[in-house]
Amino acid sequence: MDRDILEELFDHAVAAAQPALAIRANLPPRPAGRTVVIGAGKASAQMAKAFEEAWSGPLDGLVVTRYGYAAPCQRIEIVEAAHPVPDAAGYLAARRIMEKVSGLSHDDLVVALISGGGSALLPQPAPGMTLEDEQAINEALLASGAPIGVMNIIRNELSAIKGGRLAALAAPACVATLVVSDVPGDDPALVASGPTVPLSSTRAEARHLVALYGLRLPQAAHDVLASDDNPAPRPADPALARNTVRIIASAALSLEAAAARVRTLGLASHILSDAVEGEARDVARVHAAIAREVRSRNQPFTRPAVILSGGETTVTLRGTGRGGRNGEFLLAFAIAIEGVQGVTALAADTDGIDGAGDNAGAFADGTTATRMRAAGIDPLAALRDNDAYTAFQAVDGLFFTGPTGTNVNDFRAIIVR
């Protein structure tokens with residue numbers, strides 16, 4: 001069945017993003033002094049486990065990951081906290097990480113294991129703000145439909161730890177940052193809002209983006225944005241000159257792995273992009289138009305074909321339903337291909353959780369929208385209410401994997417027979 005093939009392709013994409021081999025291939029040089037490991041993100045516990053297994057010398061450290069994403073480590077402490085809206089556990093973990101890198105020497109090494117989700121898992125509001133303010137900011141950003149790059153530019157200016165501030169705190173120690181990227185374009189300064197990687201944006205740019213997206217932020221946040229307090233280090237800061245940054249896993253590598261598997265199955269594979277952004281329902285309509293064109297006219301690709309894409313779509317919340325961006329994408333896709341035979345699709349988050357749900361994503365084909373109506377679900381009404389989860393649940397279309405141990409963002413695969 002094509003659903004089985006799609007699931008296998010997802011597994012290959014996820015396997016290519018697992019930290020173990022990537023960490024071993026990117027170990028920094030041993031320092032003369034201490035080695036302190038820190039990290040944040042959905043994949044950071046798995047990264048910590050891989051690092052301590054590969055590192056022969058002494059080390060200690062602290063890594064924070066999402067609830068349910070911990071991995072067993074012997075020398076690195078793993079703390080769990082909330083995502084996508086931060087909580088007190090993440091706040092305390094961030095404080096402890098800041099303490100761990102304070103007072104280090106020129107001979108010491110800080111290894112930062114950073115992956116997607118770290119923005120919420122390392123809450124540390126700028127002076128004058130509270131954790132409640134940061135929670136309100138995250139909720140506003142998540143509901144705005146803004147792309148991840150925009151979100152992280154704003155977060156950077158409203159944090160005491162993001163935007164390279166953690167690296168500045170660790171100076172004069174050398175900081176080696178290893179990144180599992182979940183952002184389109186793989187800019188390491190945008191992954192987890194770059195706690196150890198300075199961003200080149202400015203506070204004025206953040207103010208402009210807040211106004212552009214009509215964000216309703218707490219007054220304390222507006223006060224910070226209006227001031228020159230809490231400046232972030234700049235990329236050319238001499239205190240950070242010895243630091244290194246490496247992308248060790250990304251959507252591009254995962255899509256290539258899936259494409260390679262497609263070819264072994266005797267099918268043609270076509271990667272549209274590893275950096276697709278935009279409203280999930282709009283991106284879905286474009287993907288559906290391509291699939292229909294292939295199905296009916298054998299262009300721009302010849303059947304049978306597998307169309308792959310990655311990146312991070314967004315959802316502007318309009319309703320009160322349940323579901324993540326991959327479910328929203330696939331619900332709009334299912335509506336757009338209703339009645340089209342020979343097209344089957346999977347959209348899923350490579351970390352195993354689509355938004356705040358328990359599913360990774362969903363499957364759809366040309367019968368999905370029709371079957372939803374037969375089950376008493378109006379797919380158009382469900383899309384208006386952002387209720388993809390309920391719609392796919394009604395037709396046994398949800399895709400479950402549990403936490404995968406990595407996170408290189410969305411994975412989409414469409415088989416056209």
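Just checking, does segment 109-125 include any residue being more than 16 Å from Gly39 (Cβ to Cβ) and within 19 Å of the chain's Cα centre (by Cα)? There is no residue in segment 109-125 that is more than 16 Å from Gly39 (Cβ to Cβ) and within 19 Å of the chain's Cα centre (by Cα). Filtered by the rule that a residue be surrounded by 13 or more Cβ atoms within 10 Å (Cβ to Cβ), farther than 25 Å from Asp108 by Cβ and of a type outside the set (Asp, Glu), segment 217-240 gives Leu217, Pro218, Ala220, Ala221, His222, Val224, Leu225, Ser227, Asn230.
Each row is one residue, and each column tells you yes or no for (1) part of a loop (DSSP other than H, G, I, E, B); (2) in contact (Cβ under 8 Å) with a residue 60 or more places away in the chain.
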| site | (1), (2) |
| --- | --- |
| Val183 | yes, yes |
| Ala189 | yes, no |
| Ser201 | yes, no |
| Asp223 | no, yes |
| Ala232 | yes, yes |
| Ser269 | no, no |
| Ala275 | no, yes |
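Would it be correct to say that Val197 is of a type in the set (A, V, I, L, M), surrounded by 14 or more Cβ atoms within 10 Å (Cβ to Cβ), within 27 Å of Trp55 (Cβ to Cβ) and under 19 Å from the mean Cα position of the chain (by Cα)? So Val197 fits the description; yes. Scan segment 92-111 and give yes if some residue there is in a loop (DSSP other than H, G, I, E, B), at pLDDT below 95 and out of contact with any His (no Cβ under 7 Å at 6 or more places or on another chain), otherwise no. No; the residues of segment 92-111 include none that is in a loop (DSSP other than H, G, I, E, B), at pLDDT below 95 and out of contact with any His (no Cβ under 7 Å at 6 or more places or on another chain).
Would you check if Arg285 is without any contact (Cβ under 8 Å) to a residue 24 or more places away in the chain, among the basic types (Lys, Arg) and in a helix (DSSP H, G or I)? Against the criterion (without any contact (Cβ under 8 Å) to a residue 24 or more places away in the chain, among the basic types (Lys, Arg) and in a helix (DSSP H, G or I)), Arg285 does not qualify. Apart from one condition, Ala70 fits all of (1) more than 18 Å from Gly116 (Cα to Cα); (2) touching a strand residue (DSSP E or B) at 6+ places or on another chain (Cβ under 6 Å); (3) outside any helix (DSSP H, G or I); the exception is (1). For Gly311, the stated conditions hold: it is assigned by TED's automatic domain parsing to the domain that holds His270 and in contact (Cβ under 8 Å) with a residue 60 or more places away in the chain.
Based on this model, can you work out whether Val408 counts as within 20 Å of Ala257 (Cα to Cα), touching a Ser or Thr at 6+ places or on another chain (Cβ under 7 Å) and not aromatic (Phe, Trp, Tyr)? Spelling it out, Val408 is indeed within 20 Å of Ala257 (Cα to Cα), touching a Ser or Thr at 6+ places or on another chain (Cβ under 7 Å) and not aromatic (Phe, Trp, Tyr). Whenever a residue of segment 1-18 is modelled with pLDDT of 95 or more, its partners that are β-branched (Val, Ile, Thr), lying with C-beta atoms within less than 6 angstrom and at least six residues away or across chains, give the pairs Asp2/Thr344; Asp2/Ile415; Val14/Thr350; Val14/Thr404.
The values are calculated or read from the model by the stated rules, or taken from the named source; none is laboratory data. Just so it is clear, the structure is predicted and the values come from calculations on it, not from any experiment. Quick reminder, even Gly has a Cβ in these numbers, built from the backbone with ideal geometry, and neighbours come from all protein chains shown.
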